[in-house]
Amino acid sequence: DPYITKEVAASLGVELVLMDDLLATSDFISLHVPRLEETKNLVRSATLQKMKKGVRLINCARGDVVNLDDLAEALSKGHVAGAALDVFPQEPPDYSAAIFKQPNVIFTPHLGASTGEAQEKVAEMIAKQMVSYLLEGVIINAVNFPSIPMETMAKLRLHLDLAEQMGSMVGQMVRQPCDMNITYSGYVTEFDTRVLTHAALKGLLSCFTDRPVNFVNAPYMAKAKGIKVQETIQLQAVEYTNLIRIDLPGIKEDLNEVWGTVFAKKYERIVRIGKIFLDAIPQGPMILVQNVDRPGVIGNIGMTLGKHGVNIARFQLGRTKDKEQAICTVNLDTPVTDDVLHEIRALPHVLSV
């Protein structure tokens, strides 16, 4: 295949060879090519002569890829031991042609999915795939999105949610569209991470537009806004058995990166914000406060929320090694208004909310 790289071939476990080498060494040749100018009459007298004696040829690709008169001659001389044909240069074919007089050829009608039974099965598959997407978010056979088998979706569901939450978090922290570097490490790299990148973009872009953002249109919206995304795969886990790391290379602020993981394959956690390690659960309404590490800050935040009748579900704190700055994440039972956020921002030693 002249259109794939050595790296792709290696990932598929196949070896790229020249056409002449393939013809000379293969016992069975099965054609899988599109109809292009360079594939028309790909198999003809000259190519058949290069094939190994006793070769068997299978063509279920396109009819005009094989010159049937040349193939019939090679079959009659015994150079080609047999052939199987599902497609023909013209359909219905001319049954008086020499190829149909060869006893060592298997012919099948070019039906594809044209039978009544096949059409019924196709309709059933489409219906089931739509149900899977609407009820479970499983995307199968999409033309503009990586297909995710149901069993893979079950394993990736928490990571998808985590990636989207992380994208939303960095978007709210920097308050501007920005380039994004995403690094995956550990067992999460066993899957197609593109879908996780789409989820992170969905979370990020939802902060800056009132248009609906979803897994499919997120990459296109990012491109339209000039947002560049760099995806890196690290097969070997370092700090955690699996890790999603989002860095914002163009942001000079302290809060320019977020790390997330899934513990025991069932507990989502934000484990680092900026340079500060912590253990935050990205669920429900949550506020993130960056502050100078001084006595009274936590109490003031709690009192402000309590004054407005907002109950704290979980409070997690982390701070820098020099104990100068801290970050706290506060999970809430109910969302807070902008007025409450402004009030917290005005508290002593609070840097951002």
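Some points to look at:
- When restricted to residues that are surrounded by fewer than 14 Cβ atoms within 10 Å (Cβ to Cβ), assigned to a strand (DSSP E or B) and within 21 Å of the chain's Cα centre (by Cα), segment 265-284 contains 0.
- Just one residue in the set Glu151, Glu190 is modelled with pLDDT of 85 or more and among the charged types (D, E, K, R); that residue is Glu190.
- Here Thr39 passes the criteria (1) in contact with a helix residue (DSSP H, G or I) (Cβ under 7 Å, 6 or more places away or on another chain); (2) of a type outside the set (A, V, I, L, M, F, W, C); (3) at pLDDT below 95; (4) more than 23 Å from Thr5 (Cα to Cα) except the one numbered (4).
- In segment 212-264, the residues that are within 20 Å of Arg157 (Cβ to Cβ), of a type in the set (Val, Ile, Thr) and in a loop (DSSP other than H, G, I, E, B): Val213, Val216, Thr241
- Here Gly284, Gly274, Gly309, Gly250 are screened, and the one residue that is within 25 Å of Pro177 (Cα to Cα) and out of contact with any strand residue (DSSP E or B) (no Cβ under 8 Å at 6 or more places or on another chain) is Gly250.
- Residue count for segment 198-228, restricted to those that are exposed (fewer than 12 other Cβ atoms within 10 Å of the Cβ), among the small types (Gly, Ala, Ser) and either in contact with a Cys (Cβ under 8 Å, 6 or more places away or on another chain) or touching a residue at least 12 places away in the same chain (Cβ under 8 Å) (or both): 1.
- Residue ID - modelled with the lowest pLDDT, chosen from residues in segment 1-26 that are surrounded by fewer than 10 Cβ atoms within 10 Å (Cβ to Cβ) and part of a loop (DSSP other than H, G, I, E, B): Tyr3
The values are calculated or read from the model by the stated rules, or taken from the named source; none is laboratory data. None of these values were measured; they are calculated from a predicted model. Reconstructed Cβ throughout: ideal geometry from the backbone, glycine too, with neighbour counts over all protein chains shown.
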